[in-house]
Amino acid sequence: MAKFDEAPIVKEPAQNGVLSAPTIREHASVEVQCWPGKAKDQTAIDLPPERVPDWQERGIAKLGELLEKNKALRVYMDICVRCGACTDKCQYYLGTGDPQNMPVARAELLRQVYRRYYTLGGRLFPQLNNAADFDDEMLAKWYTYFFQCSECRRCSVFCPYGIDTAEITMAAREIMSSIGVTTKYVSEVVAKVYETGNNLGIPPAAWKDNCEFLEDDLLEETGVPLRFPVDDEGADVLLVPPSADNFANVDTMIGYAKLFHVLGIRWTTSTYCNEGGNFGLFLNYANLKKVNNRILEAARMLKAKTIIWGECGHAWRAGILTPTLSGPMDEFDPPYPYHISQFIADMLRRGALNGRIDKSANDDLLVTYHDPCNPARAGQLLDEPREVIRASCNRFVEMPADTIREKTYCCGGGGGMLTDELMPVRMAGGKPRAMAVKYVKANYLATPCAICKAQLPEVMKYWDVPVQVGGVIDLLANALKL
């Protein structure tokens, strides 16, 4: 494993806050890998506990199954002409210079296997058709480079054929998981959800205790009886935050409580499902669906009228699939997935917060906004967070246009990559975002994503960018008059 101080990072500076294509550095990140392994309770996630003896046959068959079920995947396998439009769009290639981290080169690892077993030319003349066996060498490349992709889809924005490279990464990970090859980090996180209701493995008693602690602490600080309800049956709103908000990003958790207090809304969290984040998205479809089902199950248990997703990027990407994954939401209001930023924007437009916001409370901050890749590209959550920011502060500046909205860069830690073994690649992948923040000279970087809030402080420290990272709702909370 590569050490942190041996990070495979290209040090060239950015121009106007935007990185250009780096000098190619062959195999720069090949030694940086996740720890292979399994969850403590592998049966909970319904995967083989280790690589199966017939892994080649099973993996090839799984590829065939995915090609049959996902017609788009087969199209993506066939239509790439290797034009190069995506090559310098990936933050991991820009940061490492490793050509295998070019989206087209990474995807080619799956295409080579596809051509070998599922095209006539590849079966008869593999060398002439750039086809390759699914062998130990190829599996090692898959394991390395498909876990150096955060499934962020930035490359897809620039693809003239509309190829969704994230779907290719997800297919490769699905195949690997089916043969017992995955990362200890991702598999353990999913197993913890089934055991405790959240990604961090926080037991229900600890969740309740911390909510009570926040209530006591804020009563002493503000003199206002702010509540952090848990398992309140009949509450109007079930909030499904990332579990990190109750233990790491407590300012965000406090923001939820202040908002609902000011609006006079009865809300709650659930100990059965106090986690919006869905690491099934980084493992396989079966667990993606199973984890997401818990959200509707929790809302029905507590007879909540509305479900609101908190500040978590991949939670929202999975969340918008809820009607497909978990069934209709007709019993809820609204009858579709609803994000906390959308909710706040709606309240602002209705005038529900008129006279309750003092924007000058944030005048010491020059705020910029990081679009998390999942909400921005997969969830079209672009304008609402900006509405909340502009309503909460007087000083807001956008980063360069090529680095925001649909063209945003991943923080570098998404896609199940937020693990210490991948720290060199994470720091490399975070470089484009760090350079853009440095360019605008902001001292507060707002983002509605728990993964980004964990990753970006490390990135900014590494790249010597003096900026505070926090939530969007944190700014509103600071400006709310209780």
Take the residues in region 15-45 that are under 21 Å from LEU288 (Cα atoms) and of a type in the set (S, T, N, Q), then tell me which one is surrounded by the most Cβ atoms within 10 Å (Cβ to Cβ). GLN42
Mind checking which pairs have a first residue in region 334-345 that is in the same structural domain as GLY319 (by TED's automatic domain parsing) and assigned to a helix (DSSP H, G or I) and a second that is aromatic (Phe, Trp, Tyr) and surrounded by 21 or more Cβ atoms within 10 Å (Cβ to Cβ), Cβ under 7 Å, 6 or more apart or different chains? ILE340/TRP309
Kindly check whether there is at least one residue in region 306-316 that is within 16 Å of the chain's Cα centre (by Cα) and aliphatic (A, V, I, L, M). yes
Being part of a loop (DSSP other than H, G, I, E, B), of a type in the set (Lys, Arg) and not assigned by TED's automatic domain parsing to the domain that holds GLN468, is that true of even one residue in region 316-333? no
Report whether or not PRO22 is outside the structural domain of VAL291 (by TED's automatic domain parsing) and out of contact with any strand residue (DSSP E or B) (no Cβ under 9 Å at 6 or more places or on another chain). yes
Considering every residue within region 216-224, establish whether at least one is in contact (Cβ under 8 Å) with a residue 60 or more places away in the chain, assigned by TED's automatic domain parsing to the domain that holds TYR93 and assigned to a helix (DSSP H, G or I). no
So in region 192-206, with the set limited to residues that are under 18 Å from the mean Cα position of the chain (by Cα) and assigned to a helix (DSSP H, G or I), which one is surrounded by the fewest Cβ atoms within 10 Å (Cβ to Cβ)? LYS192
All positions within region 336-369 that are under 24 Å from the mean Cα position of the chain (by Cα) and either closer than 25 Å to ALA299 by Cα or of a type in the set (Lys, Arg) (or both): TYR336, PRO337, TYR338, HIS339, ILE340, SER341, GLN342, PHE343, ILE344, ALA345
Determine whether region 116-138 contains at least one residue that is of a type in the set (Gly, Ala, Ser), assigned to a helix (DSSP H, G or I) and under 18 Å from ALA166 (Cβ atoms). no
Which count do you get for residues in region 257-305 that are within 25 Å of the chain's Cα centre (by Cα), of a type outside the set (Gly, Ala, Ser) and assigned to a loop (DSSP other than H, G, I, E, B)? 8
Quick one: in region 455-464, which of the residues that are surrounded by fewer than 21 Cβ atoms within 10 Å (Cβ to Cβ) and of a type in the set (A, V, I, L, M, F, W, C) is nearest to ASN362 (Cα to Cα)? MET460
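From the list LYS89, LYS62, LYS141, which one is charged (D, E, K, R) and either without any contact (Cβ under 8 Å) to a residue 40 or more places away in the chain or not in a helix (DSSP H, G or I) (or both)?
Exactly one of LYS89, LYS62, LYS141 is charged (D, E, K, R) and either without any contact (Cβ under 8 Å) to a residue 40 or more places away in the chain or not in a helix (DSSP H, G or I) (or both), namely LYS89.
The values are calculated or read from the model by the stated rules, or taken from the named source; none is laboratory data. Here the structure is a predicted model, which means the values were calculated and not measured. Glycine also receives a Cβ, built like all others from the backbone with ideal geometry; neighbour counts cover every protein chain displayed.
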